[in-house]
Amino acid sequence: MNRRQLLKNSVFTAIGLGLSPGIILSLESCAKERPTSDSPLYFNEEEFDTLWYMSDLILPKTQTPGAIEAGVPLFIDKLYGEFLEDEEKNKFQAGLKSFMETCAEENGKPFLDLDQSLKISYLEKLDNAGAEEAFFKSSKQIILWAYFTSEPGMKSMNYLPVPGRYNGCITIDNEEKNIVGNR
């Protein structure tokens with residue numbers, strides 16, 4: 001090999017090494033995107049993303065904020081990461097793992113890879129199931145509880161705190177939100 005060929009190869013190698021991180025990043029960006037840039041505290045990313053989509057499908061955004069806008073997945077992650085006992089954490093994680101495995105077995109794809117209509121139909125099937133699907137029903141209750149105790153959830157109900165005046169006979173407009181409490 002002569003000197004000219006050695007210099008050419010060195011330049012091409014240097015350019016290739018310089019561009020390789022960009023090429024790797026561009027190939028990684030072709031992978032599926034996460035629904036959020038928030039990092040979970042307790043759950044791994046796949047579990048957190050599954051919880052994220054479940055929350056969004058159970059309480060989507062309409063005229064009122066949905067579960068995502070209320071911060072439900074982040075609240076649940078923090079709840080399990082910092083406040084609940086190990087027994088409750090392990091039970092929920094085992095249920096979530098079983099949920100994800102069963103979905104993959106039944107649909108041939110993980111829950112995160114399903115399109116929206118299949119995700120919805122899978123959740124509806126679990127919701128209509130009997131007591132054998134206790135995990136989904138309990139996680140739905142946690143999602144609803146987290147939403148309705150959040151500020152956006154309380155505002156969506158037009159919450160009026162109860163020590164206040166009681167009005168027994170009131171008229172309700174058809175366009176009015178649900179009222180919790182008195183006015």
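The values are calculated or read from the model by the stated rules, or taken from the named source; none is laboratory data. Quick caveat, the model's predicted, so the values are computed rather than measured. Because the Cβ atoms are built from the backbone with ideal geometry, glycine has one as well, and the counts that use them run over all protein chains shown.
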I'd like the residue in segment 56-89 that is within 11 Å of Tyr42 (Cα to Cα) and among the charged types (D, E, K, R) and, out of all such residues, is surrounded by the most Cβ atoms within 10 Å (Cβ to Cβ). Asp77
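Hey, among the residues in segment 110-141 that are assigned to a helix (DSSP H, G or I) and small (Gly, Ala, Ser), which one's farthest from the chain's Cα centre (by Cα)?
Top of the filtered list is Ala131.
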Kindly establish whether Gly164 is modelled with pLDDT of 70 or more and either outside the structural domain of Lys61 (by TED's automatic domain parsing) or part of a loop (DSSP other than H, G, I, E, B) (or both). no
Filtered residues of segment 29-81 (kept if farther than 23 Å from Ser98 by Cβ and either among the β-branched types (Val, Ile, Thr) or in contact with a Cys (Cβ under 8 Å, 6 or more places away or on another chain) (or both)): Thr36, Thr62, Thr64, Ile68
